[in-house]
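The values are calculated or read from the model by the stated rules, or taken from the named source; none is laboratory data. Everything numeric here is computed off the predicted structure, so don't read it as measured data. As a convention, Cβ positions derive from the backbone with ideal geometry for all residues, glycine included, and neighbour counts pool all protein chains shown. Calculation scope for accessible area: heavy atoms of the full protein, side chains included, ligands and nucleic acids excluded. Shrake-Rupley method; radii C 1.70, N 1.55, O 1.52, S 1.80 Å.
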Amino acid sequence: MASTVAPLNADVDLPTNVTAQTHNATASKVTNMVVCYSPMMITTNGIWQGVNPLEFSLPLFILQVAVIVITTRFIVLLLRPFRQPRVIAEILAGVVLGPSLMGQMDVWGNMVFPQRSLLTLETVAHLGLLYFLFLVGLEMDLDVIRRSGRKALFVALAGMALPFCIGTATSFIFRHQVSRNVHQTSFLLFLGVALSVTAFPVLARILAEIKLLNTDLGRIAMSAAIVNDMCAWILLAMAIAITEVDSTALSSLWVLLSGVVFVLICFYVVRPAMWWLIHRIPEGESISDMEVSLILAGVMLAGVCTEAIGIHSVFGAFIYGLVIPSVPLGVTLIEKLEDFVTGLLLPLFFAISGLRTNITKARDPVTVGLLVLVFVMASFAKVMGTIIIAALYTMPFREGIALGFLMNTRGLVEMIVLNIGRDKQVLDDESFAVMVMVSVGMTALVTPIVTGLHKPARRLVVYKRRNLQRIRHDSELRMLACVHTTRNVPSVLSLLELSNPSKRSPIFIYALHLVELTGRASNMLAAAAASASTNNNRSGSSALPATTEHIFNAFENYEMHTGGVSIQTLAAVSPYQTMHDDVSVLAEDKHVSLIVVPFHKQQTVDGGMEPINPSIRAFNESLLSASPCSVAILVDRGLSAAAARMADEHRLVLFFFGGPDDREALAYAWRMVENPSVSLAIVRFLPPDYRERSFSSPTYRSADTADSRAINIGTEGKTELEMDEEYLGEFRARNQGNGAIMYADKTVTNSEETVAAIRSMDSSTHEMYIVGRRPGEAGSPMTSALEDWMECPELGPIGDMLVSSDFSMGVSVLVVQQYVVAGAPVAAAAPAASVDPVRQYLSNANLHPVAGPGGYQTIPPSSAANSWSSGTVGF
């Protein structure tokens, strides 16, 4: 890396103050300073040679980058509780490091940010800016503009035209006070562009943070911001061409025409070439490193072309990124570049902007007040324009105000406009500093104002089918299936297949792809594309990310080839800390009875279990506490294998200890056993004094330490034990003579006997265990010792034991938790006598053939104690 250092014997007095240094560095046209290059001043031989490392360009540059990144991250942490976008922290970090605060100390300015280092720092910062604008172009989907409709288009136009007109008009009225030292026409033009722009990348992150990205308000704001951003770049290119002080009208015209030719070449030459490249990639493979390198080299070539034309290089990078298809090429490039560019290079640009921002230069209260007034008037005009458009489209008034403030989001684009204006001497130090600080203040107000204005009250959704026990086993079932990765899909589809979907008992599935919100552009792209596809029923070309597209296709293919199933694919982008809220709201809105989520561990090649993401475990625990319906955690240990899915018979085992969760597990197993290929073995564990305590009132476990749900102890005067007996009796009566169902009682006195009994089973023929999360009574000797050694409390004592390495590694586990409202009666299945005769006839006709003699038989507890594993009897 080349370095610029001051000549050792130059007859020039270097400014010692960093403010003066910065001013001289950015106003080179009016200085006569001579800076020489010394190849010996790049790297140092070390402090032990008696030299100062900060006198050499490379160590100094490394120190500057470290200071800028650390300061930025520290301010990000400070602003995180206030839910502020990262761009505010980056701008404030530059202001803190600049002459406004730290630059007031001469030692800081001379040692950390001396003038001889600014050229290197600014060059690398603009390189980072070049690639970031390339990423911004990749984020924008041109199809969004076509899909946005007139509403978003009018919002964007009103949000640009009114602020531009009112801002420039107000500035013109006070032109003698606010533009005394610069070219007035150029000042008005640049100020109008800066006032009318909306920062699309910042807006996307704000909408995701306050959970408005997938709402109608968020979609309108995103579409309007994309249109606004593109118009802003066109205006900026025109402003740069027109405001050249030394240019003629003819040269400005040539700049504009050359810019139009560049845009046409990008759209009609570069874009088809990118599609040709995509079609050359074999299916299932990703783009090669050589092709990625060529595309990234094209970013710099595009920047050189627009710089040679007379427009800023970032314009070329933005247009180049805009013409590259978002999927799959755009997503791949974003994932490769984003962390390095946004985390390391982009903060350098804001640091340079901060070094140029000197708040102490804003000394004239009249000028400062009038500039703030111009900004406020333009912001007010943008809000009023948006409200007018919202009123024309009958949007609520509060949503119109919220949309207006969202369109006032400032960020990187405005900083670029202000920096270009300052480089071209259109803005002086005072106006530049005031505009930067007012922009930061306006953007900081967006989140709290929009959050206060747009508070969609979570309506109380009243529906009774919140658990499986409340609905008939042969009625329709609404399920919400959550998946994190493509690996979760086969196991969920296998579970759906076992759930016996049919025309008589259809299953409505809401397949939800959960994507963690990290603030990365790829997340925003996934959310915007998924939202658009959901609202357009995925018609036409899809812009979904590859992972989401594969998940959606898998569920839709299953729906096409399976009867009795209706699937709606959805995607949710949210931080894992609040993701359970999104799932709960969706489940309540869709009247879901059961939510199925995958376990946070996945099976390895050797049969063990390894964690995927610790945040998934926290999400599962939070969902168990806040869910508005029943929840099932699926532990896949072979259920997704092709051999298991194609098997002619599926053997399931239900361990029944009693309590609401075990009854819910039995209700789900009841639905499964209607599948002709499913056989069910029910093993009921009983204490030795079961007969003596049959009519006592045991206190069944309610809310665990990790669960805040209230569990109903008794309804209509019934104890939990009586409800267990009633539901089991109803299950037996309904399935009398069904040879696919086995039943056994097992008497155990403590946890050791429980473990031994389960271990003695022949697990080689079983495909899945079904258990309740909180089995039996609270503190029951049958499970109390297991609770003390639980590694995964979200699975409960029995589920945690079954997924441990001590048990079979080839049997999947389904852990079920029932949703029970305190004081609400649990409706048992209707008695057989009250069933409709036609439905009862159809139900009997569909029963499995009886393997043995009819009649119901069971094994007494005494005999089951010795031969229960091999002596189960069909009923």
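The table below lists the values:
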{"item": "Selection count where residues are open to solvent by 10 Å² or more (accessible area, probe 1.4 Å) and either under 21 Å from Ile226 (Cβ atoms) or more than 39 Å from the chain's Cα centre (by Cα) (or both), scope segment 118-144", "result": "8"}
{"item": "Yes/no for Ala444 being under 24 Å from Gly192 (Cα atoms) and either surrounded by fewer than 22 Cβ atoms within 10 Å (Cβ to Cβ) or touching a Cys at 6+ places or on another chain (Cβ under 9 Å) (or both)", "result": "yes"}
{"item": "Whichever residue in segment 31-81 is part of a loop (DSSP other than H, G, I, E, B) and either among the polar types (S, T, N, Q) or under 25 Å from Asp339 (Cα atoms) (or both) and, among such residues, is modelled with the lowest pLDDT", "result": "Thr31"}
{"item": "Filter result (under 42 Å from the mean Cα position of the chain (by Cα) and under 14 Å from Phe685 (Cβ atoms)) within segment 752-769", "result": "Val755, Ile758, Arg759, Tyr769"}
{"item": "Subset tally (residues that are aromatic (Phe, Trp, Tyr), surrounded by fewer than 22 Cβ atoms within 10 Å (Cβ to Cβ) and in contact with a helix residue (DSSP H, G or I) (Cβ under 7 Å, 6 or more places away or on another chain)) for segment 350-396", "result": "1"}
{"item": "Elements of type strands (runs of 3 or more DSSP E) in segment 564-638, at least 2 residues being within 18 Å of Glu516 (Cβ to Cβ)", "result": "565-574, 594-598, 601-603"}
{"item": "Residue within segment 324-340 that is free of Cβ contacts under 8 Å to residues at least 40 places away in the same chain and either open to solvent by 60 Å² or more (accessible area, probe 1.4 Å) or within 22 Å of Thr548 (Cβ to Cβ) (or both) present", "result": "yes"}
{"item": "Residues of segment 727-758 that turn out to be part of a loop (DSSP other than H, G, I, E, B) and in contact (Cβ under 8 Å) with a residue 60 or more places away in the chain, as a count", "result": "8"}
{"item": "Qualifying residue in segment 273-282 (condition: under 30 Å from Leu406 (Cα atoms), open to solvent by less than 80 Å² (accessible area, probe 1.4 Å) and assigned to a helix (DSSP H, G or I))", "result": "no"}
{"item": "Residue that is surrounded by the fewest Cβ atoms within 10 Å (Cβ to Cβ), among those in segment 612-632 that are over 20 Å from the mean Cα position of the chain (by Cα) and within 18 Å of Ser812 (Cα to Cα)", "result": "Ala632"}
{"item": "Condition met for Val136 (part of a helix (DSSP H, G or I) and at pLDDT 80 or above)", "result": "yes"}
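Listed here are the residues, each with its yes/no results for (1) part of a loop (DSSP other than H, G, I, E, B); (2) open to solvent by 10 Å² or more (accessible area, probe 1.4 Å); (3) at pLDDT below 90.
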residue: Pro797; (1), (2), (3): no, no, no
residue: Asp800; (1), (2), (3): no, yes, no
residue: Ser808; (1), (2), (3): yes, yes, yes
residue: Val813; (1), (2), (3): no, no, no
residue: Val816; (1), (2), (3): no, no, no
residue: Ala822; (1), (2), (3): yes, yes, yes
residue: Val826; (1), (2), (3): yes, yes, yes
residue: Ala829; (1), (2), (3): yes, yes, yes
